[in-house]
1. Could you look through segment A:32-45, keep only residues that are among the hydroxyl-bearing types (Ser, Thr, Tyr) and assigned to a loop (DSSP other than H, G, I, E, B), and pick out the one that is surrounded by the fewest Cβ atoms within 10 Å (Cβ to Cβ)?
2. Does segment A:282-297 contain at least one residue that is in a loop (DSSP other than H, G, I, E, B) and not β-branched (Val, Ile, Thr)?
3. What do you reckon, is A:Pro316 out of contact with any Asp or Glu (no Cβ under 8 Å at 6 or more places or on another chain) and either at positive phi or more than 16 Å from RNA strand B (Cβ to nearest atom) (or both)?
4. Does at least one position in segment A:107-116 carry a residue that is among the basic types (Lys, Arg), touching a residue at least 24 places away in the same chain (Cβ under 8 Å) and closer than 30 Å to A:Lys152 by Cβ?
5. Considering A:Val54, A:Val91, which residue is hydrophobic (A, V, I, L, M, F, W, C) and within 16 Å of RNA strand B (Cβ to nearest atom)?
6. Answer yes or no as to whether A:Val171 is of a type in the set (Val, Ile, Thr), touching a Lys or Arg at 6+ places or on another chain (Cβ under 7 Å) and either surrounded by 18 or more Cβ atoms within 10 Å (Cβ to Cβ) or assigned by TED's automatic domain parsing to the domain that holds A:Met126 (or both).
7. For segment A:57-66, how many residues meet the condition of being surrounded by fewer than 21 Cβ atoms within 10 Å (Cβ to Cβ), within 12 Å of RNA strand B (Cβ to nearest atom) and under 18 Å from the mean Cα position of the chain (by Cα)?
8. Let me spell it out: the conditions are (1) under 16 Å from the mean Cα position of the chain (by Cα); (2) surrounded by fewer than 23 Cβ atoms within 10 Å (Cβ to Cβ), and A:Arg347 meets all of them except one. Which number is the exception?
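The values are calculated or read from the model by the stated rules, or taken from the named source; none is laboratory data. A quick note: this is a predicted structure, and the numbers were derived from the prediction, not measured. Methodologically, a virtual Cβ is constructed for each residue, glycine included, from the backbone with ideal geometry; neighbour enumeration extends over all protein chains shown.
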Amino acid sequence: MERWRPCPCPSPCLPRIPKENPMRLSVFFMPTLKETPAEAQIASHRLMLRAGMVRQSAAGIYSWLPLGWKVLRKIQQIVREEQDAAGAQEVLMPTIQSADIWRESGRYDAYGKEMLRITDRHDREMLYGPTNEELITQLFRDNVKSYRELPKILYHIQWKFRDEVRPRFGVMRGREFLMKDSYSFDVDYEGAKRSYEVMFNAYLKTFKRMGLTAIPMQADPGAIGGNLSHEFHILAETGESGVFYDIAYDELAAKGEIDLDALSRLYAVTDEKHDPNAPNVPPPERLKVARGIEVGHIFYFGTKYSKAMNAVVAGPDGNPLVVEMGSYGIGVSRLVGAIVEAFHDDRGIKWPESVAPFKVGLINLKVGDSACDTVCEDIYRRLSAAGVEILYDDRDERAGVKFADMDLIGLPWQLVAGPKGLAAGVVELKSRHTGEKQELSVESALARLCG
RNA sequence: CGGGGUGUAGCUCAGCCUGGUAGAGCGCCAGCUUUGGGAGCUGGAUGCCGGAGGUUCGAAUCCUCUCGCCCCGACCA
């Protein structure tokens with residue numbers, strides 16, 4: 001069976017996206033809920049629980065069930081592809097770290113109770129990593145010795161833990177979360193700025209591929225230090241923070257790649273930093289007010305860690321050079337929740353096709369009816385063979401249950417085959433996004449879905 | 001970490017005030033009838049009533065302690 005398809009990216013050297021196996025709902029582990037669990041407050045949390053994507057195991061800690069895991073992997077893969085395309089190289093660093101390197105940077109004591117501290121059997125002080133600057137700096141300094149090996153951008157996608165006092169909003173604000181972190185190493189500020197711009201543009205592409213509008217906001221570098229810093233917020237009505245931005249951003253974004261200098265002149269801030277009297281605030285008719293969810297954060301922090309941890313390379317003149325660093329995060333697991341916040345209605349989720357757990361949901365309205373069974377099996381087989389990710393609802397359930405579940409889990413396309421339609425030679429194709437339904441022959445439906 | 005809630009069946013919840021040995025709806029299992037947007041009837045299974053201690057002849061219910069979870073705030077991707 002065809003399990004791989006060419007990557008849709010323009011660049012031919014990108015890896016291929018592994019496809020999801022076709023699946024029958026009669027065997028799929030997807031425990032949907034008709035009622036909303038009491039603990040879930042916001043839409044994405046409610047829907048992710050109801051759709052059987054995740055289950056909480058402790059406060060802010062979740063198991064990912066097949067449906068949720070598929071989405072998480074797709075998001076992860078888009079992030080990975082865009083990082084690779086930008087020239088970053090993937091590594092994998094451990095979740096458990098030694099306290100020693102955190103003492104070198106001075107953060108072991110500075111970091112509060114959010115750091116989960118662990119003692120091993122030999123009484124060594126360990127911790128479950130809340131972030132990885134120390135680890136990557138150590139990795140770099142131990143293995144890179146010359147300026148000629150720079151610039152470098154390394155990244156990893158790994159689980160992290162921050163012992164938040166009050167986890168909430170499901171996977172959007174969990175204690176354990178999957179993050180992509182990139183770290184750039186350059187010989188000077190100019191280089192660091194170029195790395196920053198490369199990541200900046202990679203982020204715009206990454207979020208766009210997920211169907212999201214991501215607005216880079218000027219961010220306070222805060223405790224990390226440095227003077228180049230942007231938070232990427234995606235727009236969602238139920239977003240956690242208010243955002244204000246110049247409508248010119250939308251015009252720029254439509255053009256694709258955005259020039260950082262052009263962008264940095266635009267006004268775009270979250271509500272706590274909004275200053276109506278700031279010099280570059282656009283007039284009211286050009287100031288967009290919306291709500292956003294932070295899904296990425298990039299910043300340049302210079303030599304903060306390289307200096308403290310002695311990450312130096314030999315410069316052109318033979319003298320040691322303290323490397324200039326930046327770090328670039330994307331909340332991968334948080335994005336799952338954020339995308340649901342951005343794309344849902346009162347019936348359920350509406351996945352953008354690029355991250356949908358399956359592309360098509362096939363509903364057999366009357367299991368046991370030989371016409372329905374035959375046609376559905378045929379569709380299932382042919383779409384599977386064509387590499388179209390399909391979830392076939394072959395359960396012996398009532399129509400209403402199937403429609404409700406399919407709307408809930410939000411696959412982009414629903415293909416409905418029932419006795420009445422088949423008698424007339426048609427099946428129904430419904431777009432979950434627009435709600436538009438169309439009756440057409442099996443052949444044309446297949447043609448549409450294979451495209 | 002401050003403040004406020006809450007814990008009873010897989011899910012949503014009633015019962016607690018006023019102690020007498022556990023319920024409803026949905027879900028699950030079986031059968032029949034249904035069948036194009038979360039069906040109807042009949043029958044059935046499921047609970048150490050979060051845990052420990054105490055009061056009492058008797059505790060889901062009252063008291064003490066404890067743990068989990070949720071909400072507001074502070075904090076954060």
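1. Taking segment A:32-45 first, the residues among the hydroxyl-bearing types (Ser, Thr, Tyr) are A:32, A:36, A:44.
If we keep only those that are assigned to a loop (DSSP other than H, G, I, E, B) as well, we get A:32, A:36.
Details: A:Thr32: 17, A:Thr36: 13.
The extreme case among them is A:Thr36.
2. From segment A:282-297, those in a loop (DSSP other than H, G, I, E, B) are A:282-283; that's our starting set.
Those left that are additionally not β-branched (Val, Ile, Thr): A:282-283.
Within segment A:282-297, one or more residues are in a loop (DSSP other than H, G, I, E, B) and not β-branched (Val, Ile, Thr).
3. On the way: out of contact with any Asp or Glu (no Cβ under 8 Å at 6 or more places or on another chain): yes; either at positive phi or more than 16 Å from RNA strand B (Cβ to nearest atom) (or both): yes.
Here the answer is yes, as A:Pro316 does meet what is asked.
4. First, pick out the residues of segment A:107-116 that are among the basic types (Lys, Arg): A:107, A:113.
Add one more test, that the residue is touching a residue at least 24 places away in the same chain (Cβ under 8 Å), and what stays is A:107, A:113.
Subset that is closer than 30 Å to A:Lys152 by Cβ: A:107.
Yes, segment A:107-116 contains a residue that is among the basic types (Lys, Arg), touching a residue at least 24 places away in the same chain (Cβ under 8 Å) and closer than 30 Å to A:Lys152 by Cβ.
5. Values: A:Val91 fails: within 16 Å of RNA strand B (Cβ to nearest atom).
Being hydrophobic (A, V, I, L, M, F, W, C) and within 16 Å of RNA strand B (Cβ to nearest atom) holds for just one of A:Val54, A:Val91, which is A:Val54.
6. Numbers: of a type in the set (Val, Ile, Thr): yes; touching a Lys or Arg at 6+ places or on another chain (Cβ under 7 Å): yes; either surrounded by 18 or more Cβ atoms within 10 Å (Cβ to Cβ) or assigned by TED's automatic domain parsing to the domain that holds A:Met126 (or both): yes.
It is true that A:Val171 is of a type in the set (Val, Ile, Thr), touching a Lys or Arg at 6+ places or on another chain (Cβ under 7 Å) and either surrounded by 18 or more Cβ atoms within 10 Å (Cβ to Cβ) or assigned by TED's automatic domain parsing to the domain that holds A:Met126 (or both).
7. Residues of segment A:57-66 surrounded by fewer than 21 Cβ atoms within 10 Å (Cβ to Cβ): A:57-59, A:61, A:63-66.
Within this subset, residues satisfying the condition of being within 12 Å of RNA strand B (Cβ to nearest atom) are A:57-59, A:61.
Subsequent filtering for residues that are under 18 Å from the mean Cα position of the chain (by Cα) retains A:61.
Total meeting the criteria: 1.
8. Just one mismatch for A:Arg347, condition (1).
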